[in-house]
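Okay, so here's the structure we're looking at.
The values are calculated or read from the model by the stated rules, or taken from the named source; none is laboratory data. On a predicted model such as this, the values are computed, not experimentally measured, just so you know. When we count neighbours, we look across all protein chains shown, and the Cβ atoms used for this are built from the backbone with ideal geometry, even at glycine.
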């Protein structure tokens with residue numbers, strides 16, 4: 001029987017929070033991941049606010065020890081996907097959550 005090996009690396013998690021249809025979001029992520037050889041998770045979310053509510057998603061990038069990212073690489077990739085999602089989902093705002101800051105993207 002083969003022995004199970006392990007490999008670890010620094011943990012980094014970056015999330016995109018955006019309103020929009022779940023299936024459309026998955027489609028955008030699938031196309032983006034195919035072009036960029038990456039993997040993300042897509043989870044349903046509900047954004048509840050004063051006088052309203054919208055369905056949306058939380059998209060998560062995680063560092064993966066098998067293919068360790070360069071410093072800052074995941075944030076650059078997440079920003080690129082966030083902009084693609086805003087365009088394809090016709091959203092005017094999105095939130096990028098890094099380990100050190102939350103960045104709000106919005107159209108004027």
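Checking each residue in the range 15-55 for being in a strand (DSSP E or B) and either at pLDDT below 95 or over 15 Å from the mean Cα position of the chain (by Cα) (or both) picks out 46, 47, 48, 49, 52, 53, 54, 55. A residue that is at pLDDT below 95, out of contact with any strand residue (DSSP E or B) (no Cβ under 8 Å at 6 or more places or on another chain), at negative phi and surrounded by fewer than 12 Cβ atoms within 10 Å (Cβ to Cβ) occurs nowhere in the range 80-92.
Filtering the range 68-108 to residues that are assigned to a loop (DSSP other than H, G, I, E, B) and within 20 Å of residue 31 (Cβ to Cβ) leaves 89, 90, 91.
Among the residues of the range 48-79, the ones that are loosely packed, with under 14 Cβ neighbours inside 10 Å and under 14 Å from residue 94 (Cβ atoms) come to 1 in all.
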